[in-house]
1. State whether one or more residues within segment 9-29 are touching a residue at least 40 places away in the same chain (Cβ under 8 Å), assigned to a helix (DSSP H, G or I) and polar (S, T, N, Q).
2. Do we have any residue at all in segment 67-81 that's among the polar types (S, T, N, Q) and either at pLDDT 95 or above or surrounded by fewer than 10 Cβ atoms within 10 Å (Cβ to Cβ) (or both)?
3. Within segment 41-51, can you find the residues that are of a type outside the set (Asp, Glu) and farther than 12 Å from ASN3 by Cα?
Amino acid sequence: MKNIDEKEKKLIDTLQKLKDINIRDNKEIDKVNILKNQKNQLEIEKDQIIKSLQGLEEENLKLKSQLNELKKDYEISKRKENKFTEKIDELNQETDSLLEEIDKWQM
């Protein structure tokens, strides 16, 4: 954004110089032509920067969306992992309980 502001300031300065120039001789006309060319170049650069910025903003939105999807997938995976761990713990407890029962029966 700073770059766009700088270019816009240069453009405004150039336009002001154009207004201030007294067009009475060829040197002044040449200066005007140079300033017009500079103005046109700055406008082209400004348009390119704006397009680039828009592209970056779109890419940023896409990446944010992808990040949110990854976060959701991670949370789902984490919940599944926790449930699986709980089931394993339950099975371990049941196994321990069964082993104790078997030990009791064997005595």
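The values are calculated or read from the model by the stated rules, or taken from the named source; none is laboratory data. Because the structure is a prediction, the values reported are computed rather than measured. Cβ placement follows ideal geometry from the backbone for every residue including glycine, while neighbour counts extend to all protein chains displayed.
1. no
2. Checking segment 67-81: at least one residue is among the polar types (S, T, N, Q) and either at pLDDT 95 or above or surrounded by fewer than 10 Cβ atoms within 10 Å (Cβ to Cβ) (or both).
3. GLN41, ILE44, LYS51
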